[in-house]
Amino acid sequence: MDCIEKEKKLIPQVYRRQNVVFERGEGCYLFDTSGKRYLDLVAGIATVAIGHSNPEFIARVGEQLKKLVHVSNLYYTVPQIELAEKLRKITEMDRFFFCNSGTEAVEASLKFARKATGRKKFVAFTNCFHGRTMGALSVTYKEKFRKPFEPLVQPVEFAKFNDVQDLERKVDGNTAAVILELIQGEAGVYPADTDFIKAIFELKEKYGYLVIIDEVQTGFGRTGRWFAKEHYGVEPDIMAMAKAMGSGFPIGCSAISEEVAGRLERGDHGSTFGGNPLACAASLATIEIIEKHKLVENSEKMGEYFMRRLKEIFSEVRGRGLMIGVRVQNAEEIVKRALERGLVLNATSEDNLRLVPPLVIGKAEVDLAVEILAEIHG
C-alpha cells in the first residue's frame with residue numbers, strides 16, 4: 001500500500017491534498033519520492049521564507065537541538081529572551097507572548113484584548129481569515145468554516161472590507177477590538193485601502209477599542225517590508241505573527257503594547273510548548289538569515305518583477321512583495337496541470353491563485369514559473 005492510500009486510512013480526511021508525496025527540498029525547489037523536481041510557489045503557505053534545507057538554519061537549529069529542546073514556561077531560557085529582544089527591534093512592539101501557530105497567536109490576541117478593555121465585542125471583516133480554533137474561527141468570515149461549530153465566541157460583527165461607512169455602523173463603545181489583515185491572504189491577496197486603515201485608527205480614538213493586526217501571513221518580509229503595517233504607517237495595539245517566523249518550524253507570537261501588557265496578570269494565558277528553546281532558536285536563525293541575505297529587499301524587488309511578468313499573461317494581478325494573487329479561470333485545473341509540469345501552486349478559490357514563494361527566489365525561477373504558466377494559460 002503506497003503512502004497516499006495509507007494516508008486515507010490513517011488520517012482524518014479534512015485536507016484536500018495534491019497528488020504528490022514530497023520527500024525533500026532545496027532552496028526554491030521540492031523533490032518527490034521519485035526524485036522529480038518542482039519549483040515551489042507555495043512555501044508551506046507563505047512559511048518557508050529562507051528556502052528549503054537552508055544550511056545556516058540547519059546548523060543553528062542543530063546546535064540548539066544538542067543543548068536543550070524543551071523545559072516549559074515554568075523556567076527561564078536564554079533563546080526566548082534573545083528572540084523577544086530581536087522582535088522588539090524589528091516589530092517596534094513592546095512585549096511578546098510565544099505560542100505555536102497563527103491561530104494560537106490570534107486566540108491569545110483576542111483574550112488579551114478582552115482583558116485589557118473589559119469589553120466583549122469584536123469587529124472583523126468580510127472575507128477575512130484568522131484561523132480555525134474556536135476563538136479565531138469566530139472572527140473568520142466564511143460561513144462554511146463557522147456554521148458546523150456554532151455557537152462560537154460572541155458578540156462578533158463583520159463589516160465590509162474597505163468600506164468606511166459600514167465600519168462606522170459596526171464599531172461602538174462596546175467594541176473590545178477591531179481585528180484585520182492588512183492584506184487578506186486566504187481571500188485571494190486583497191490589500192486594504194490606505195483611507196480605510198486611517199478610518200480604523202481614527203474611530204479607535206473615538207471609541208477606545210484596540211486594533212489587532214493579523215500579520216500571520218504578511219510578516220517577516222513577505223510583502224517587501226518586515227511587516228505589512230509598514231506600508232500603512234500604523235502601529236497596532238496587538239499583532240499576531242506566525243508562519244515565516246520559524247521558516248517552517250512551528251512558532252507563533254502575539255506582540256502587545258506596554259499598555260495592554262500592563263492589564264495582564266499571571267494565569268491569564270499560557271502555553272506548554274510556546275517559546276521553547278528549539279522554536280526560538282529556529283525563529284532567531286530565520287530572522288538573522290533574512291537580515292544577512294537582505295531577503296526583505298529581495299521580496300520587494302522580485303515581487304515587482306514577478307507581478308510585471310505575470311501581467312504579460314493575466315489581466316488581474318494583485319499584491320505586495322512576494323504575496324501575489326492572480327485571477328484566473330478554473331484555478332484548480334491550473335494547479336493540477338502546473339504540478340504535472342513541475343510547478344507547485346495554490347488556489348484560494350475557483351478563480352484565484354496565490355503565489356507566495358520562498359523569499360530567496362530569483363529571476364531565473366520567476367522566469368521559469370512564468371514560462372510554465374504561459375503554456376498552461378495559452
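Values in this text are rule-based calculations from the coordinates and carry no lab data. This structure is a prediction, so every number in the text was calculated from the model and none was measured. Because the Cβ atoms are built from the backbone with ideal geometry, glycine has one as well, and the counts that use them run over all protein chains shown.
Taking first residues from segment 16-32 that are under 22 Å from Ala347 (Cβ atoms) and partners that are assigned to a loop (DSSP other than H, G, I, E, B) and polar (S, T, N, Q), the Cβ contacts under 9 Å between residues at least 6 apart in sequence or on separate chains come to Val20/Thr33; Val21/Thr33; Val21/Ser34; Phe22/Thr33; Gly25/Ser53. Looking at (1) touching a residue at least 12 places away in the same chain (Cβ under 8 Å); (2) in a loop (DSSP other than H, G, I, E, B); (3) surrounded by fewer than 22 Cβ atoms within 10 Å (Cβ to Cβ), can you tell me which one Pro151 breaks? Status for Pro151: all satisfied but (1). Evaluating Gly267 against the criteria (1) outside any helix (DSSP H, G or I); (2) in contact (Cβ under 8 Å) with a residue 24 or more places away in the chain leaves one unmet condition, (2).
Looking across segment 33-44 at every residue that is touching a residue at least 60 places away in the same chain (Cβ under 8 Å) and exposed (fewer than 15 other Cβ atoms within 10 Å of the Cβ), the one that is nearest to Glu300 (Cα to Cα) is identified as Arg37. Tallying residues that are without any contact (Cβ under 8 Å) to a residue 40 or more places away in the chain and either crowded, with 20+ Cβ neighbours inside 10 Å or among the polar types (S, T, N, Q) (or both) within segment 218-235 yields 1.
Per the listing Glu202, Glu215, the residue uniquely surrounded by 17 or more Cβ atoms within 10 Å (Cβ to Cβ) and of a type in the set (Asp, Glu) is Glu215. The strands (runs of 3 or more DSSP E) found entirely in segment 309-378 that carry 2 or more residues being of a type in the set (Val, Ile, Thr) are 323-327. Checking each residue in segment 209-249 for being outside any loop (DSSP other than H, G, I, E, B) and over 25 Å from Arg114 (Cα atoms) picks out Glu230, His231, Tyr232, Ala244, Met245, Gly246. Pairs are defined by a Cβ separation below 9 Å, a sequence spacing of at least 6 or placement on different chains, a first member in segment 156-171 that is touching a residue at least 40 places away in the same chain (Cβ under 8 Å), and a second member that is buried (at least 17 other Cβ atoms within 10 Å of the Cβ) and part of a helix (DSSP H, G or I); the pairs so defined are Leu167/Phe196; Leu167/Ala199; Leu167/Ile200; Leu167/Leu203; Val171/Ile200; Val171/Leu203; Val171/Lys204. Scanning segment 354-378 for residues that are closer than 22 Å to Thr223 by Cβ and out of contact with any Lys or Arg (no Cβ under 8 Å at 6 or more places or on another chain) yields Arg354, Leu355, Pro357, Pro358, Val360, Ile361, Gly362, Lys363, Glu365, Ala369, Leu373. Condition first: on the phi < 0 side of the Ramachandran plot, aromatic (Phe, Trp, Tyr) and not in a loop (DSSP other than H, G, I, E, B). Can you find one or more residues in segment 154-172 that meet it? Scanning segment 154-172 turns up at least one residue that is on the phi < 0 side of the Ramachandran plot, aromatic (Phe, Trp, Tyr) and not in a loop (DSSP other than H, G, I, E, B).
Residues in segment 70-109 that are without any contact (Cβ under 8 Å) to a residue 24 or more places away in the chain and under 15 Å from Pro236 (Cα atoms): Arg88 only.
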